[in-house]
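The values are calculated or read from the model by the stated rules, or taken from the named source; none is laboratory data. Keep in mind the model is a prediction, meaning the values are calculated, not measured. Backbone-built Cβ (ideal geometry, glycine too); neighbour counts: all protein chains shown. Surface accessibility is based on the protein's heavy atoms, side chains included, excluding ligands, DNA and RNA. Shrake-Rupley method; radii C 1.70, N 1.55, O 1.52, S 1.80 Å.
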Amino acid sequence: MPFPEFDPVLIHLGPLPIRWYALAYVAGIVLGWWYAARLIKTERLWPPGKPPINTTQLDDLVLWIVLGIILGGRLGYALFYKPIMYAQLFTGQTLGERFELFQLWTGGMSFHGGFLGVCLAIVLYARSQKIDMLRLGDVIAPVVPIGLMFGRLANFINGELWGRETTVPWAVRFCNDRIQQMYGFCPAGDAPRHPSQLYEAGLEGIVLLSILSLGVWRFDLLKKPGYITGLFLVGYGVCRAALENVREPDYGMPDFPLGLTMGMMLSIPMILVGAWLIWRAWNRPPVEAPASKE
């Protein structure tokens, strides 16, 4: 199947290009913000009938999270996949090389880095507001798959992060005139490959969102602090580790033992921590409302 002639730029507003990838971030944040606000306003979901934050606090938290996504995603990408960016701060021959780490428009973001950035934002905000960190995490975890879905769809439109070579009927050749004009060649070659970006949009986005929604709305898991956060960590970690088998490893990565990839190794700690949070929440009774004063 030939790759469609997608243009990564949706529209130009004068000299400013509006890219699909940027819109994916905006859509994920705005819809996630809306969904989190809906969860907060539904007090019956929370112990003891009251959410950990109000909508005003959520508005403040969103700014912290956006910074965590952007800074964590970029710094994590450089750390995990292209550490030379850090060395170039001191050894770069040109200004472009020296400041490549901060050139977000050139691409290169890591989910695991963004995840760590969001975790740090939640910890810092929870401490500043004296809020239970696990309950605050339970506000954010159910909405993350929304952003993941939009992000992976944008990856597909950009023709990046493609899958391994395959002969399945729906395989895609990630090569078209736009890509050839941009790079002078097709980085993915002309071989048919798994559209792994769409697999990830489906599993990490739609399926994981559905599982977490069932946990929230059907099984009242928000009444066990940390359960939904743990369920997200396990769900994402399993999906990502499984899909690494059909996703082409990032360029320049060494051959890790046991056929592991960087994505797998970064997902294993998420699964372990998530399993521990689920076990911890499962073995504790739901938080009850405090006794009324006479």
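Remarks
- Residues of the chain: accessible area per residue with a 1.4 Å probe, Å²: 54 Å²
- Difference of contour (0.36 nm per residue) and Cα-Cα distance, residue 30 to residue 129: 33.3 nm
- Sorted largest first, extent of segment 157-294 alpha carbons per principal axis (Å): 77, 32, 27
- Mean residue ellipticity at 222 nm, helices only, the chain: -17000 deg cm²/dmol; runs of at least 4 DSSP H residues each add -39,500 (n - 2.57), and the sum is divided by the number of residues.
- Amide H partners (placed H, <5 Å) of residue 193, local residues excluded: 166, 172, 173, 174
- Peptides 9-21, 237-249 ranked from most to least packed give 237-249, 9-21, packing being the mean of other C-beta atoms within 10 angstrom over each peptide's residues.
- Taking 14 Å as the straight-line reach from the Cα of residue 82, the aspartates and glutamates in range (excluding those fewer than 8 positions away in the same chain) are 97, 100, 250.
- Gyration tensor verdict on segment 1-45 (Cα atoms; rounded if a/c is under 1.5, prolate if a/b is larger than b/c, oblate otherwise): oblate
- Global form of segment 1-127, assessed from the alpha-carbon gyration tensor, a/c cut-off 1.5: oblate
- Cα-based convex hull volume of the chain per residue, rounded to whole Å³: 162 Å³
- The string of couplings for segment 239-248 from the Karplus curve (6.51, -1.76, 1.60, θ = phi - 60°) is 4, 5, 4, 5, 6, 4, 6, 10, 9, 5 Hz, one whole number per residue in order, with x for Gly and Pro.
- Sulfur and carbon atoms: percent of accessible area, the chain [1.4 Å]: 67 percent
- Percentage relative contact order, the chain, counting C-alpha pairs under 8 Å, at least six apart: 21 percent
- Highest mean packing first, where packing is the average number of other Cβ atoms within 10 Å per residue, the peptides 143-149, 71-77 line up as 143-149, 71-77.
- Cysteines (scope the chain) whose Cβ has no counterpart Cys Cβ under 4.7 Å: 119, 239
- Spatially proximal lysines relative to residue 130 (Cα-Cα < 27 Å; intrachain offsets below 8 disregarded): 41, 50, 223, 224, 293
- Between the Cα long axis of helix 20-41 and the first principal axis of the chain there is an angle of about 10°, rounded to the nearest 10.
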